[in-house]
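Worksheet: one structure, shown below.
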Amino acid sequence: MATWKKLIVPIAITPILLLLAYGFKTNPRQVPSPLVGNSAPPFALSSFDGGTPGLEQLRGTAIVLNFWASWCFPACFEEAPALEAAWRAYKDRGVMVIGVDIQDREADAKAFIERFKLSFPNGPDPQGRMSIDYGVYGVPETFFINREGKIHYKHVGALTQGILTTKIEEML
Amino acid sequence: MRSVLQSLLIVAVLWAWWPCAASAIELEEQVQLLAAELRCPVCQNLSVGDSPSEMANQMRELVREKLKNGESPEQIRAYFVSRYGEWILLAPKRQGFNWVAWLLPFGAILGGVGVIGFVVRRSVSRSRAPGDAQLPPLDPRYASRLQAELKEWGQ
Amino acid sequence: MISTLGRFTLALALGIAIYGAIVSILGARRRKPALIESGRGAVFAVFGLATFAVLLMEAALVGRDFSIQYVARNGSLGTPLLYTVIAMWGALEGSILLWIWILALMSLLAVVMEGKRNREAIPYATAVLLCISAFFLFLAAFPANPFAAIFPPPADGRGPNPLLQNHPLMAIHPPCLYAGYVGWSVPYAFAMAALMTGRLGEEWIRTVRRWSIVAWGFLTVGVILGGWWSYEVLGWGGYWAWDPVENASLLPWLTGTAFLHSIMIQERRKMLKVWNLALIITTFALTIFGTFLTRSGILSSVHAFSESTIGPLFLAFIGVILLVSFGFLAYRSDGLKAEGDLDSLVSRETAFLMNNLLLLGFAFAVFLGTLFPLISEAVRGVKVSVGEPFFNKVNVPIGLVLIFLMAIGPLIAWRRASLESLRRNFSLPLLLAFLGTGVSSILGVRGLYPLLAFSLAMFAAATVIQEFAWGVRARRRISGEGYLTALSNLTRRSRRRYGGLIVHLGVVLVVIGITASTVFRLEKEVSLKRGESMHLGRYEVRFDDLTAWQEAHRFVVQGTFTVLNSNRQVAEMRPSKRFYASEQQPIGTVDVRSTPREDLYLILSSFTQDGASATLKVLIRPLVMWIWIGGAVMALGAFVAIWPDRRVLAAEPVKERVAWQPGRS
């Protein structure tokens, strides 16, 4: 058999093996968001405690927009205290923390808020419009929206104190 | 016989291509068609149409509302892509690099047909090369018996 | 105790497998029968140890020994006995143990059954099989040890994934599928043995034929059962989602089918020698590839086991297999020249070549589509999804041409098909196909692809029936037997041919089932209050009641729906949602009413807390049952094909081109 024929197979196989090896570095469940760097989609929540936080009125403030659910265990449970702490630390510095409760029941949501003593505004997203508008595909997800209304950063998964502080500082 | 078959073939093809006489497709069907093209973000590889999850329900509702508002399927697809990225479409958009996925299999098969044609022709011509011994003439006794049996078989 | 014993057993089995592989090769190269015997003994020993390990694991599961991490993760006090037993293969480590056991069993059977006829090849085949076993044993002994202990042992286990304890199908789908995957190791081992010894004649094909059909048969059933599982258990209304792991099970099936056809060319015309070897190597590599995909975490899939570190090990293994096997093939390629030539373009040989091309084209499309998200990310940095719309658009045309080939293949003669023979063979099936097309369109089928699918399926069915009919008629003319006797004698005389035709008939049934259930599918989702009804197709579905109760391991909410057809009650159906402690979302359990004509499929989408209303999704899918029946017919055909012929084959003289040389290969 001619030499070139003998080499066909190794030459064909090597790229495939390399591609599969490359696959180890990627995470198929992490989907980069096309919204980062663009204007945040407008929203108007009706929060559990009666307020109506909306994107328009909050222009000029940096917003930490957190999507969560009461059944999201353990991630949302882990990050709730960190969010509350960040809210307390930064609320007087022009930062707003807003929680959006998705695919949930009101009673369960209120119990969650009660459990972690969350004092920042939280509201439901009954028909999922807001979560679809923000390209949410799981919980928890958090968007850091800067003062000009552009999305500075999107975090998928539970937040830690460190990340919160870093990202908020970046926006100030 | 052949002409009958040919005309049957033509009739069959025409019948299949005859445009659907039905009027504008219902809203529900449009929703289903669009939902089948969108990927359910919280499931594994299911379409929004097939998925039983709540998020998929909400997305279907949104699609329904948008269609009622008069948006075209292309606009609705573009909306979802602007929020989730190209990943939300269950089949890669036919543009740029994605054409590789759509065309390469067919290209490979057509190429293969060419290769097979070439290889078979070369093999056949090799077998017909000079030096091909003539078959000895058939013994007439067997020839007539063979003919008779073949005729019987054909009945 | 079980933990230590289990780990020791696996380590010992690993050692023996490596020993056996080395000793078999040494024995063959140095002509030392004692070493070869020792290698054979190693195969027996590995099987014994693997069986012991499986029994240990089952003992731990049934005994709820939570000191073993695998049991703590996959068993629980509340899980019923059946699901506890089958939890053995429910997660990563246990599934590898199952693979090991099936591989050990098949190696044993191969060594025992082929030992006498293939004295020269057996030591090499044994070595190859033991090497494969050694790899999986290595995985089980080190990174993915099922007997790893956990301290302190928890009071109760987590229980198996709820999706895996919803349906008894979980008991047969994995073992069957694994038997299909592992089965291809044996033909591969003998192919490698042929390459290593230089005995490249028809011997290895003859040995490998039956094993290939067995592996193919198990793989077919495994794939069909997977579709059934998707339909009944995952409950989204479909049976195939082109999920990466489904595709991974289809790939070796496609190349294996191509292999089964092309070895017929090698048997008759002594051509395609290199091609067949390449095909069997590829098929085997694809069986490992499928396993790799689900355990490496590089693609998201319904089936993904936990992401773990064994991904790179699998990749390395696949790389080694491909490079070594194709290396041998290249090395031996000079001795593998075709010994014949084709006589005519219009011949069954050409039809089989086209069959191979299209099956591999289909496989390539599936392979490319499955990996394309990764390719896109590597090249463009953009994630794309490749799902059902893509695969259907690309694969359906290819599939239709394949059915066409399947229909005409048996009608075209070997070597050279004369116009006369073609006209004679084709007329009746073609006519029936046209009639069938007419009937289909009267019944409401529209659109080019569905009509083509139905007419080609009928064409293929007509071909099969014609072959049987002519065969029976010829036999009756000669011997005057009754129809049934003639049929059975006919099949017995030529099992492979008629078994193959039965398989084709099974494929026809599957195609008809898939086409009908897709083209005539009806679906509707409606919210109903108690007592309200909805209509779909011929049925009226009335929401009667919503009940809830607590079971040992789950909380069940069930809806009761009465189904009426023309105001007569036909059935009471109970789709439900099951809430498991370990899962955040409930698992839906559908209820399906299957008749040969159609399936009525009910999904309980959601309900209000007070049980006053429920959202129900109803699907009607015609002829779905024929997909499962078709799968069974395919398995039956394979079974007929491998049943040994009563005729004792006279020993054929060995006719290799490569001269046998002592001590060198």
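Identify, by number, the condition in (1) in a loop (DSSP other than H, G, I, E, B); (2) more than 35 Å from the chain's Cα centre (by Cα) that C:LEU564 doesn't meet.
Of (1) in a loop (DSSP other than H, G, I, E, B); (2) more than 35 Å from the chain's Cα centre (by Cα), only one is false for C:LEU564: (1).
Applying the selection to region C:315-329, what residues are surrounded by 19 or more Cβ atoms within 10 Å (Cβ to Cβ), at the interface with chain A (Cβ under 9 Å from one of its Cβ atoms) and without any contact (Cβ under 8 Å) to a residue 60 or more places away in the chain?
C:LEU315, C:ILE318, C:LEU322, C:PHE326 - these are the residues of region C:315-329 that are surrounded by 19 or more Cβ atoms within 10 Å (Cβ to Cβ), at the interface with chain A (Cβ under 9 Å from one of its Cβ atoms) and without any contact (Cβ under 8 Å) to a residue 60 or more places away in the chain.
Within region C:527-537, does at least one residue satisfy the condition of being crowded, with 17+ Cβ neighbours inside 10 Å and charged (D, E, K, R)?
The answer is no, given that none of the residues of region C:527-537 is crowded, with 17+ Cβ neighbours inside 10 Å and charged (D, E, K, R).
Looking at C:LEU358, C:LEU368, which is the one that is facing chain B (nearest Cβ under 9 Å), in contact with a helix residue (DSSP H, G or I) (Cβ under 8 Å, 6 or more places away or on another chain) and crowded, with 20+ Cβ neighbours inside 10 Å?
It is C:LEU358.
So which residues in region B:65-76 are within 14 Å of chain A (Cβ to nearest Cβ) and assigned to a helix (DSSP H, G or I), if there are any at all?
Hits for region B:65-76 are B:GLU65, B:LYS66, B:ILE76.
I need a count of the residues in region A:113-146 that are assigned to a loop (DSSP other than H, G, I, E, B) and more than 25 Å from A:VAL31 (Cα to Cα).
5
Could you run through region A:76-122 and say how many residues are at negative phi and within 14 Å of another protein chain (Cβ to nearest Cβ)?
11
Considering each residue of region C:216-267, count those that are within 13 Å of chain B (Cβ to nearest Cβ), farther than 22 Å from C:LEU402 by Cα and not in a loop (DSSP other than H, G, I, E, B), and give that number.
Number satisfying all stated conditions: 6.
Might you check whether a residue that is under 30 Å from C:THR370 (Cα atoms) and of a type in the set (Ser, Thr, Tyr) occurs anywhere in region A:61-74?
no
So, of the residues in region B:50-64 that are facing another protein chain (nearest Cβ under 9 Å) and surrounded by fewer than 19 Cβ atoms within 10 Å (Cβ to Cβ), which turns out to be modelled with the lowest pLDDT?
Looking at the filtered set, the residue picked out is B:GLU54.
Would you pick out the residues in region C:89-104 that are under 12 Å from C:TYR70 (Cβ atoms), of a type in the set (Gly, Ala, Ser) and crowded, with 24+ Cβ neighbours inside 10 Å?
C:GLY90, C:GLY94
If I filter region C:597-610 for residues that are surrounded by fewer than 18 Cβ atoms within 10 Å (Cβ to Cβ), touching a strand residue (DSSP E or B) at 6+ places or on another chain (Cβ under 8 Å) and more than 14 Å from chain A (Cβ to nearest Cβ), do I get at least one hit?
Looking for residues that are surrounded by fewer than 18 Cβ atoms within 10 Å (Cβ to Cβ), touching a strand residue (DSSP E or B) at 6+ places or on another chain (Cβ under 8 Å) and more than 14 Å from chain A (Cβ to nearest Cβ), one finds at least one in region C:597-610, hence yes.
Name the single residue, out of those in region C:441-454 being without any contact (Cβ under 8 Å) to a residue 60 or more places away in the chain and within 31 Å of the chain's Cα centre (by Cα), that is surrounded by the fewest Cβ atoms within 10 Å (Cβ to Cβ).
C:LEU448
Pick out the one residue from C:ILE502, C:ILE478, C:ILE465, C:ILE512 that is among the aliphatic types (A, V, I, L, M), at pLDDT below 90 and over 30 Å from B:ASN57 (Cα atoms).
After applying the criteria, what remains is C:ILE478.
Give me the strands (runs of 3 or more DSSP E) completely within region C:575-637, filtered to those with at least 2 residues that are without any contact (Cβ under 8 Å) to a residue 60 or more places away in the chain and touching a Ser or Thr at 6+ places or on another chain (Cβ under 8 Å), ordered by residue number.
Where strands (runs of 3 or more DSSP E) fall fully within region C:575-637 and carry at least 2 residues being without any contact (Cβ under 8 Å) to a residue 60 or more places away in the chain and touching a Ser or Thr at 6+ places or on another chain (Cβ under 8 Å), they are C:576-580, C:598-607.
Considering each of A:ILE151, A:ILE132 in turn, give the residue that is under 13 Å from the mean Cα position of the chain (by Cα) and under 28 Å from C:GLN609 (Cβ atoms).
A:ILE132
What are the pairs with Cβ atoms under 8 angstrom where one residue, in region A:87-110, is in a helix (DSSP H, G or I) and the other, located anywhere, is surrounded by fewer than 14 Cβ atoms within 10 Å (Cβ to Cβ)? Sequence gap at least six, or different chains.
Once the first residue is in a helix (DSSP H, G or I) and sits in region A:87-110, its partners that are surrounded by fewer than 14 Cβ atoms within 10 Å (Cβ to Cβ) give A:TRP87/A:SER119; A:ARG88/A:SER119; A:ARG93/A:LEU172.
Let's see how each residue does on (1) over 18 Å from C:GLY399 (Cα atoms); (2) not in a helix (DSSP H, G or I):
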| site | (1), (2) |
| --- | --- |
| C:SER427 | yes, no |
| C:LEU430 | yes, no |
| C:GLY438 | yes, no |
| C:SER441 | yes, no |
| C:GLY444 | yes, yes |
| C:TYR449 | no, no |
| C:ALA457 | no, no |
| C:GLN466 | yes, no |
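What number of residues within region C:546-561 are in a loop (DSSP other than H, G, I, E, B) and touching a helix residue (DSSP H, G or I) at 6+ places or on another chain (Cβ under 9 Å)?
Step one: list which residues in region C:546-561 are in a loop (DSSP other than H, G, I, E, B), which gives C:551-553.
Next cut, touching a helix residue (DSSP H, G or I) at 6+ places or on another chain (Cβ under 9 Å) only: C:553.
Final tally of qualifying residues: 1.
Can you name the residue in region A:28-51 that is free of Cβ contacts under 8 Å to residues at least 24 places away in the same chain and under 20 Å from A:MET96 (Cα atoms) and, of all such residues, is farthest from the other protein chains (Cβ to nearest Cβ)?
Applying the filter and picking the extreme gives A:GLY50.
For residues in region A:149-169 being surrounded by fewer than 16 Cβ atoms within 10 Å (Cβ to Cβ), free of Cβ contacts under 8 Å to residues at least 24 places away in the same chain and of a type outside the set (Ser, Thr, Tyr), which is farthest from B:SER53 (Cα to Cα)?
A:GLU169
Could you list, in sequence order, all residues of region C:553-574 that are among the β-branched types (Val, Ile, Thr) and in contact (Cβ under 8 Å) with a residue 24 or more places away in the chain?
C:VAL557, C:VAL563, C:VAL570
The values are calculated or read from the model by the stated rules, or taken from the named source; none is laboratory data. Quick caveat: nothing in here was measured; it's all calculated off a predicted structure. FYI the Cβ positions are ideal-geometry reconstructions off the backbone, even for glycines, and counts take in every protein chain you see.
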